[in-house]
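Some notes on the structure that comes next.
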Amino acid sequence: MNLFTYGSLMFDEVWQRVVRGHYRSSIETLRGYARHQVRDEDYPAVIRAPDAPAPLQGRLWRAVDAADLARLDAFEGEDYERISVTTESGVQAGLYLYRRSERILEKDWDPQHFEREGMARFLARYPGF
């Protein structure tokens with residue numbers, strides 16, 4: 001299965017701590033979804049947003065095997081549901097949709113800020129997936 005990632009899993013430093021395999025990836029976009037900050041967390045949430053003014057940019061990991069999908073499902077936990085989406089380039093992929101709307105802030109999540117300031121904190125909180 002292909003997997004569209006939009007938050008911490010876009011970054012090799014996080015991805016490689018969760019999966020065992022090596023996968024090709026590319027930058028892709030997805031319409032109809034928006035990425036927001038989660039209260040008191042460094043990671044984001046994606047929600048359905050049919051009227052989002054711009055497409056969501058993320059990383060598409062290709063042909064992820066079943067064992068690594070199981071690891072990713074466990075990593076994401078019960079707060080996320082894996083759904084099927086189609087990227088703007090027409091690729092079918094899984095996407096982890098956030099379920100806990102009460103924790104989502106109206107503020108956009110910034111990948112560059114995460115990379116500069118949040119990733120070290122994130123990795124320290126989630127060692128040895």
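Taken together, the values in this text are just the output of simple stated rules run on the coordinates, not laboratory data. For clarity, every value in this text was computed on a predicted model and none was experimentally measured. Note: ideal-geometry Cβ built from the backbone for every residue, glycine included; neighbour counts use all protein chains shown.
Here is how the numbers come out for the structure above:
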{"read-out": "Sum of -39500 (n - 2.57) over DSSP H runs of 4+, divided by residues of the chain (222 nm, nearest 500)", "value": "-5500 deg cm²/dmol"}
{"read-out": "Cut-off under 5 Å, modelled amide H: who pairs with Tyr33 long-range", "value": "Ala49, Leu56"}
{"read-out": "[x] 41, 26, 13; [y] 20, 19, 14; [z] 25, 17, 12, with the label sought being that of the calculated semi-axes √(5λ) of the Cα gyration tensor in Å", "value": "[y]"}
{"read-out": "18 Å reach of a label modelled at Glu78, 7 Å along Cα-to-Cβ, counting backbone N of segment 94-129", "value": "97-104"}
{"read-out": "Modelled FRET efficiency - R0 30 Å, Ala67 with Ser26, Cβ distances, 0.05 increments", "value": "0.85"}
{"read-out": "Vicinal HN-Hα couplings computed from phi for segment 80-93 (Karplus, 6.51 cos²θ - 1.76 cosθ + 1.60; Hz; Gly/Pro x)", "value": "10, 10, 7, 10, 9, 9, 10, 5, 4, 8, x, 8, 6, 7"}
{"read-out": "Relative contact order %, the chain, counting alpha carbon pairs below 8 Å whose residues are six or more apart", "value": "34 percent"}
